[in-house]
Amino acid sequence: METEMATATKKKLIAKRPNGRPLMYPDKTIVRMPKGFLDRVNKALKIGEYQGDFMRVAVERELRARRK
């Protein structure tokens, strides 16, 4: 059986929105980029693609490459 403290701790680990739904991307960060970087990213985006999606895919690809 889990203690009340363990249950409360687990509940805190799952970030939720005010309406109770879990966040899709709970980890957040601020990244400093050189001048003109976002302009280059925006020009490379496909129709309907967002900056965040582009950056998540790029970082994930780099992490997989470095894991090898």
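Restricted to the stretch 51-68, and to residues there that are in contact (Cβ under 8 Å) with a residue 12 or more places away in the chain and of a type outside the set (D, E, K, R), the residue that is nearest to Leu38 (Cα to Cα) is Gln51. All of Val31, Val41 fail the test of being at pLDDT 70 or above and either among the hydroxyl-bearing types (Ser, Thr, Tyr) or touching a Phe, Trp or Tyr at 6+ places or on another chain (Cβ under 7 Å) (or both), apart from Val41.
Number of residues in the stretch 30-63 that are among the basic types (Lys, Arg) and part of a loop (DSSP other than H, G, I, E, B) equals 3.
The values are calculated or read from the model by the stated rules, or taken from the named source; none is laboratory data. Not measured: the values here are computed from a predicted model. We place every Cβ from the backbone using ideal geometry, glycine too, and count neighbours over all the protein chains shown.
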